Amino acid sequence: MALEMESMASEIGVSVPVLRFLLCFVATIPVSFIHRFVPSPFGKHLYAALSGAFLSYLSFGFSSNLHFLVPMLLGYLTMVLFRPYCGILTFLLGFGYLIGCHVYYMSGDAWKEGGIDATGALMVLTLKVISCSMSYNDGLLKEEELREAQKKNRLIELPSFIEYVGYCLCCGSHFAGPVFEIKDYLEWTERKGIWAPTEKGPAPSAFGATIQALLQAAICMALYLYLIPQYNISGLNGPAYQEWGFWKRLSYQYMSGFTARWKYYFIWSISEAAVLISGLGFSGWSDTSPTKPTWDRAKNVDVLGVEFAKSSVQLPLVWNIQVSTWLRHYVYDRLVQKGKKPGFFQLLATQTTSAVWHGLYPGYIIFFVQSALMIAGSRVLYRWQQAIPSNMAMVKNLLVFISFAYTILVLNYSAVGFMVLTLQETLALYGSVYYIGTIVPIVLILLGNVIKPAKPSRSKARKEQ
C-alpha cells in the first residue's frame with residue numbers, strides 16, 4: 001500500500017502526505033452524501049463527529065484529533081463555566097493554542113515545500129469554536145444591543161457536547177472550510193428553519209449545484225497544473241528574474257499570484273461540493289419569479305469576482321468568503337463602538353487578526369497590512385468616482401478602469417509576501433519592482449486627505465434613494 005501511494009504521488013508530482021490529504025479531502029463528498037440518510041438528529045451528530053475524526057486520522061494521523069480536541073474542550077468548558085465571558089476567553093485561548101501550533105510546527109515552510117500537516121484544519125476549527133462561544137455569549141444580551149447577524153446566530157441554550165463536536169467536524173468542513181454557524185448546523189440536522197418541509201415540498205435537490213462545483217474544481221486544477229511549471233516561487237528567486245527589467249518582473253509577479261490562486265479555487269470548490277451534497281449548503285430561496293434555490297452557505301470563492309474585481313473593497317466579498325464573513329461579524333463589527341463609524345483602525349485590526357490566524361511568518365503579516373492599505377486606497381478612488389457628475393460618464397468609466405488596474409497591481413504584488421513568507425525574500429521581491437504596490441496605496445491615501453470631494457446633501461441623497 002505504501003509503495004502504491006509513493007508511486008501514485010510521484011506520478012502526479014506531490015508528496016505522499018499531500019496525496020493522502022487529497023484522497024481524504026475528496027472522500028468528504030461521499031461521506032457528506034451518506035449523512036443525508038443517517039436516521040435521527042443524534043445519529044447525524046454522532047456520524048458527523050466520527051466520520052470527521054476518522055478522515056482526520058487517515059489524513060494527518062492520530063495526533064491531529066488530539067490537537068483538535070484541545071480548542072474544542074477549552075471552548076466548551078468556557079461556555080459551561082464562564083458564560084458571561086466565554087466569547088472573549090475562547091477567542092484568546094483558541095488563538096493562543098493555534099499560534100503555539102504555528103510556532104511549533106512552522107507549517108508555512110512545509111506548505112511552501114509541498115508538505116502538509118493538521119495546522120490548516122486547526123485554523124478552520126478554531127474559527128468554528130470561537131463563533132460558537134461568542135454566539136452563546138450573545139444569548140445573554142438584550143436584542144436591542146445586538147446587530148442583525150448577532151440576533152440571527154445567537155444561542156439561547158447550550159448545545160450538547162455531541163452536537164458541538166458534530167458541528168466542529170461535520171462534512172470534513174474543518175479541512176478547508178467553509179466556516180458556518182452552529183445555529184444553521186443544528187437547524188439543518190433537525191430539519192428546521194429553511195430546511196423544514198414547506199408547501200413547496202422538502203429542501204431542493206443539491207445535485208445540480210454539486211456537479212457545478214465539481215466541474216469548477218476540475219477546471220481550476222487543470223489550469224493550475226498547466227501554469228505552475230512556468231510561474232512558481234522558485235522562478236521569483238531564480239537568476240533569470242534578476243536579469244529582467246521592471247515590467248517583466250512585475251508581470252512575472254502578477255502571473256505567480258494568478259497561478260497560485262487556482263490551487264485555492266480547487267480546494268474551495270471541493271469543500272463546497274461536500275457541503276452542498278449534504279444539503280447544508282442550501283441558503284434559501286431567491287426573490288426572483290419564479291423562485292430558485294440559492295446555495296451560498298458553502299460558497300467560499302467567486303472566481304470571476306476575484307479576477308475581475310473593479311475595486312479592492314470587493315475582494316473580501318468574493319475571496320475566502322466565509323472567513324471574511326467571520327472576520328466581519330466577530331472582529332470588525334465588534335470593534336466599532338455604538339454610534340460611531342468604522343475606520344482604518346478596525347480595518348487594520350481585522351487584517352492583523354487574519355494574518356495571525358494564517359501564521360506568524362513575516363510574509364503573512366506584510367500581506368495583510370498591505371491588504372489594509374490596498375482597501376483604504378481603493379476607498380479613496382471610490383469616493384472620487386462617486387463625486388463625478390452623471391453627465392461625465394467617460395471620466396467615471398476611466399476611474400472605474402483605474403480602480404480595476406490598481407486592484408490587479410496591488411493584489412498580485414502583495415501576494416508575493418504570502419507565497420515566499422520570509423522577511424528577506426518579501427522585501428527583496430518588493431524592492432525589485434521599486435515597492436510600487438506599497439507606494440501607490442499610500443499616495444492615494446494621502447491624496448484622499450487633500451482632495452476631498454463634496455458630499456451630497458441629505459435631501460439629494462434621500463431623493464436618489
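Residues considered: LEU125, LEU58, LEU98, LEU69. Of these, the only one that is at pLDDT below 95 and under 27 Å from ILE270 (Cα atoms) is LEU58.
For the range 16-37, does any single residue satisfy the condition of being among the polar types (S, T, N, Q), under 24 Å from ALA298 (Cα atoms) and open to solvent by 30 Å² or more (accessible area, probe 1.4 Å)? Within the range 16-37, none of the residues are among the polar types (S, T, N, Q), under 24 Å from ALA298 (Cα atoms) and open to solvent by 30 Å² or more (accessible area, probe 1.4 Å). Would you check which residues across the range 282-323 are β-branched (Val, Ile, Thr) and either over 11 Å from the mean Cα position of the chain (by Cα) or under 15 Å from ALA213 (Cα atoms) (or both) and list them? Once the filter is applied, which keeps residues that are β-branched (Val, Ile, Thr) and either over 11 Å from the mean Cα position of the chain (by Cα) or under 15 Å from ALA213 (Cα atoms) (or both), the range 282-323 yields THR288, THR291, THR294, VAL301, VAL303, VAL306, VAL313. When LEU141 is tested against the conditions (1) buried (at least 23 other Cβ atoms within 10 Å of the Cβ); (2) over 21 Å from the mean Cα position of the chain (by Cα), the lone failure is (1).
Among residues of the range 178-191 that are small (Gly, Ala, Ser), none has a beta-carbon under 9 Å from a residue that is at pLDDT 95 or above and not in a helix (DSSP H, G or I) at least six positions away or on a different chain. Checked against (1) in a helix (DSSP H, G or I); (2) within 19 Å of LEU98 (Cα to Cα); (3) out of contact with any Asp or Glu (no Cβ under 9 Å at 6 or more places or on another chain), GLY363 meets all criteria but (3). The single condition from (1) closer than 28 Å to PHE95 by Cβ; (2) open to solvent by 30 Å² or more (accessible area, probe 1.4 Å); (3) at pLDDT 95 or above that THR352 fails is (3).
Residues that are assigned to a loop (DSSP other than H, G, I, E, B) and open to solvent by less than 60 Å² (accessible area, probe 1.4 Å) were ranked within the range 300-320; the one that is nearest to THR189 (Cα to Cα) is ASN300. Scanning the range 195-253 for residues that are surrounded by 13 or more Cβ atoms within 10 Å (Cβ to Cβ) and aromatic (Phe, Trp, Tyr) yields a total of 6.
The values are calculated or read from the model by the stated rules, or taken from the named source; none is laboratory data. Bear in mind that the values here come from a model prediction, so they are computed numbers and not experimental data. For neighbour counting, all protein chains shown are included, and Cβ atoms are generated from backbone atoms with ideal geometry for every residue, glycine included. Calculation scope for accessible area: heavy atoms of the full protein, side chains included, ligands and nucleic acids excluded. Shrake-Rupley method; radii C 1.70, N 1.55, O 1.52, S 1.80 Å.
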